[in-house]
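Q: If you scroll down you'll find the structure; I have some questions about it.
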Amino acid sequence: DAKTTQPPSMDCAEGRAANLPCNHSTISGNEYVYWYRQIHSQGPQYIIHGLKNNETNEMASLIITEDRKSSTLILPHATLRDTAVYYCIVIAAGGTSYGKLTFGQGTILTVHP
Amino acid sequence: GAGVSQSPSNKVTEKGKDVELRCDPISGHTALYWYRQSLGQGLEFLIYFQGNSAPDKSGLPSDRFSAERTGGSVSTLTIQRTQQEDSAVYLCASRLAPGTSGNTIYFGEGSWLTVV
């Protein structure tokens, strides 16, 4: 699976949009971009994923650049409960590369009042 | 259950004792992963099971660690002769079979292990 690069930390004011970037310049054509977050003492929670097109669900939006080398997770109205570590990973859909998943250090997002 | 279930949720053990951690994946998921996360650190891959294939054990830190998956479902992670550096949260995750496009990995809440 392709390696990802994320900033180690970011701050956001409550009620504002949080935009978390991720670089995945070596992504392959069959690899999806996935975002997870981990709130202290809990298991990682799935947020959203996408292949080429931008995606939106009840939690967040995912913007993937046309060349697919980077993406941005957007939390439209951040709350204090969104304070967490956010992980961006790329995962192959299947085939022989369907194996262990490598998580980087993620981005620590702190939402402040 | 609907999600990945892990037990025990918390375990305190004495140095040198053996421990077993259990994972019940989501029904129908053929892929199962174990990760370890020490305090303040990222997720460290331990082992991956896929159906009846030989597991990928490349992340196991020493021969004191082993895991098995019986009947393609429940998995047990065993740590023998525990050391204080084994203290961490052990996370299990599962996923649908290969070939299913864009399928999501679901994590359990983890088993917190403290070795004293």
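Q: Quick one: how many lysine pairs in the protein assembly as shown have C-alpha atoms under 17 angstrom apart, if they're 8 or more apart or on different chains? Display every interim value, and only then the final one.
A: Values: A:K3/A:K69; A:K3/A:K100; A:K52/A:K69; A:K100/B:K57.
Close lysine pairs found across the protein assembly as shown: 4.
Q: Moving on to the next point. Per residue of B:35-47, how many C-beta atoms from partner chains lie within 10 Å of its own C-beta, taken as a mean?
A: Taking all residues of B:35-47 together, the mean is 3.
Q: Provide the three semi-axes, in whole Å and in decreasing order, of the ellipsoid equivalent to chain B as defined by the square roots of 5 times the Cα gyration tensor eigenvalues.
A: On the way: eigenvalues 116, 39, 32 Å².
The three semi-axes for chain B are 24, 14, 13 Å.
Q: Against the globular-protein guess of 2.2 N^0.38 Å, express the Cα radius of gyration of the protein assembly as shown as a ratio, rounded to two decimals.
A: On the way: Rg = 17.8 Å, N = 229, 2.2 N^0.38 = 17.3 Å.
Taking the Cα Rg and dividing by 2.2 N^0.38 Å, one obtains 1.03.
Q: Give the shape of the stretch A:22-109 as rounded, prolate or oblate, defined through the alpha-carbon gyration tensor: a ≥ b ≥ c are the square roots of its eigenvalues, a/c under 1.5 means rounded, and otherwise the shape is prolate if a/b is larger than b/c and oblate if not.
A: On the way: a/c = 2.04, a/b = 1.37, b/c = 1.49.
Note, shape of the stretch A:22-109 comes out oblate.
None of the figures in this text is laboratory data; all of them are computed from the coordinates on show. Because the structure is predicted, anything quoted here is derived from the model rather than measured. Counting neighbours? That spans all protein chains shown, and the Cβs are built from the backbone with ideal geometry, glycine included.
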